[in-house]
1. Taking segment 114-137 on its own, how many of its residues are small (Gly, Ala, Ser) and modelled with pLDDT under 90?
2. Identify the residue in segment 278-304 that is hydrophobic (A, V, I, L, M, F, W, C) and assigned to a loop (DSSP other than H, G, I, E, B) and, among all such residues, is farthest from the ligand (Cβ to nearest atom).
3. Answer yes or no as to whether Ala68 is buried (at least 19 other Cβ atoms within 10 Å of the Cβ), in a loop (DSSP other than H, G, I, E, B) and touching a Pro at 6+ places or on another chain (Cβ under 9 Å).
4. Does Phe315 qualify as being within 16 Å of the ligand (Cβ to nearest atom), outside any loop (DSSP other than H, G, I, E, B), touching a residue at least 12 places away in the same chain (Cβ under 8 Å) and surrounded by fewer than 21 Cβ atoms within 10 Å (Cβ to Cβ)?
5. Is at least one residue of segment 89-102 away from the ligand (no atom under 16 Å from the Cβ), surrounded by 15 or more Cβ atoms within 10 Å (Cβ to Cβ), modelled with pLDDT under 90 and assigned to a loop (DSSP other than H, G, I, E, B)?
6. Filter segment 245-265 down to residues that are more than 12 Å from the ligand (Cβ to nearest atom) and over 18 Å from Thr167 (Cα atoms), then give me how many there are.
7. Just to be sure, is Arg181 of a type outside the set (Asp, Glu) and either touching a residue at least 40 places away in the same chain (Cβ under 8 Å) or part of a loop (DSSP other than H, G, I, E, B) (or both)?
8. Any residue in segment 295-306 that's closer than 16 Å to Asp57 by Cα: show its pairings with residues that are among the basic types (Lys, Arg) and within 11 Å of the ligand (Cβ to nearest atom) at Cβ separation under 7 Å, as long as the two are six or more apart or on different chains.
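The values are calculated or read from the model by the stated rules, or taken from the named source; none is laboratory data. Treat the numbers as computed from the prediction; the structure is a model and nothing was measured. All Cβ positions, glycine included, derive from the backbone under ideal geometry; neighbour counts span all protein chains shown.
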Amino acid sequence: MKKMTFSLCAAMLPMSVAYAGNIDIQLLADTSTQSQATVTVTATNHGDTEERISRWDLPFEFDGSLAAPLLEVTHDGKPVNYIGKLIKRAPIDEGDTIALAPGQMIAMKIHVARAYDLTAGGRFEVRYKTDMNGSGRKLRADNTITIDVVPSTPKLAAFNRVAAGDTQFRGCSASQGQAIRGARQAATQMINGASWAMSGSVAGNRYTYWFGNHDDQRHATVKSNINEIKAAVDNAGITVDCSCTESGVFAYVYPNQPYDVYVCPAFWSANNTGTDSRGGTLIHELSHFTAVAGTDDHAYGQWAARQLAQQNPAFAIANADNYEYFSENSPDRD
Ligand SMILES: [Zn+2]
């Protein structure tokens, strides 16, 4: 679903928005379109004061599908793979929140099959995730629904025909293409630095700042992931698509479709190097591919990534922004 009308507030919000918890999420099976596996999600403010919610905690779709694994889908009790977008977005600001007046309800329709692999068919249980791994969102979402889906043939990702190490473009102007080549060069410099920083067996300040206290196993995982990301930056045939127009988003990928990267408006506003740069965004996105490091988006932005490193290193070493910030190394740490 395209963005609904948001009412914006001029008040500045802290980096982490606290929710009063009066918003209830309900899932409704959409029986008229069973074969397409759509569900309707409603968010209702049951309190008696206005509530604000990050739009990223609500399952709005852009470019045709969910932007994060906000649903928990199971089949015979087993979790179903998320195959939808993984994005890099800016930390939320006031423009990213939606105000819900007392009693107000908004509804969003979700195409479950575009974000979860339902090809096996049969009965699936769908639940709304109330805890996105410490994101702090507090929505009440109690109901689980079941949807019945007709089996279908898995759609194979289009074979990426780009020559090894080359970059190709889809829907990009000549100057955008040139900028993307520059971004990949910047990414090469950054990931070489990151790889070099991981060459020893002892964690330096730079490591502990972004990945937390030293632990042999975690250190080995990070080292291996950074080498996989470096291999992709150096050798992958990458296709970059410039058609995305979603504001507040740098880029996104589908984790099972290497090496297609979709760049969005925040990418074009970014510098080539430094914090949240174009080069760093490419590192972030490449890290998401299952064939590379299979990272998630547990937290966005330097502040939240740093919190993750301090409080939950196991999540930090699986979080795309932490690899990006380690590689950007801005400000410089050794
Ligand atoms: Zn991401």
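1. Narrowing segment 114-137 to residues small (Gly, Ala, Ser): 115, 120-122, 134-136.
Now restrict to residues that are modelled with pLDDT under 90: 134-136.
Residues in segment 114-137 being small (Gly, Ala, Ser) and modelled with pLDDT under 90: 3 in total.
2. Among those that are hydrophobic (A, V, I, L, M, F, W, C) and assigned to a loop (DSSP other than H, G, I, E, B), it is Ala291.
3. Numbers: buried (at least 19 other Cβ atoms within 10 Å of the Cβ): yes; in a loop (DSSP other than H, G, I, E, B): yes; touching a Pro at 6+ places or on another chain (Cβ under 9 Å): yes.
For Ala68, the condition - buried (at least 19 other Cβ atoms within 10 Å of the Cβ), in a loop (DSSP other than H, G, I, E, B) and touching a Pro at 6+ places or on another chain (Cβ under 9 Å) - is met.
4. On the way: within 16 Å of the ligand (Cβ to nearest atom): yes; outside any loop (DSSP other than H, G, I, E, B): yes; touching a residue at least 12 places away in the same chain (Cβ under 8 Å): yes; surrounded by fewer than 21 Cβ atoms within 10 Å (Cβ to Cβ): yes.
Spelling it out, Phe315 is indeed within 16 Å of the ligand (Cβ to nearest atom), outside any loop (DSSP other than H, G, I, E, B), touching a residue at least 12 places away in the same chain (Cβ under 8 Å) and surrounded by fewer than 21 Cβ atoms within 10 Å (Cβ to Cβ).
5. In the first step, residues of segment 89-102 are kept if they are away from the ligand (no atom under 16 Å from the Cβ); the result is 93-95, 97-102.
Then keep just the ones that are surrounded by 15 or more Cβ atoms within 10 Å (Cβ to Cβ); that gives 97-98, 100.
Going one step further and asking which of them are modelled with pLDDT under 90, we end up with 97-98.
Keeping just the survivors that are assigned to a loop (DSSP other than H, G, I, E, B) gives none.
Within segment 89-102, none of the residues are away from the ligand (no atom under 16 Å from the Cβ), surrounded by 15 or more Cβ atoms within 10 Å (Cβ to Cβ), modelled with pLDDT under 90 and assigned to a loop (DSSP other than H, G, I, E, B).
6. First, pick out the residues of segment 245-265 that are more than 12 Å from the ligand (Cβ to nearest atom): 245-248, 256-260, 263, 265.
This time we only want the ones that are over 18 Å from Thr167 (Cα atoms), so: 245-248, 256, 265.
The number of residues fulfilling the criteria is 6.
7. Values: of a type outside the set (Asp, Glu): yes; either touching a residue at least 40 places away in the same chain (Cβ under 8 Å) or part of a loop (DSSP other than H, G, I, E, B) (or both): no.
No: the conditions fail for Arg181.
8. Tyr300/Arg89
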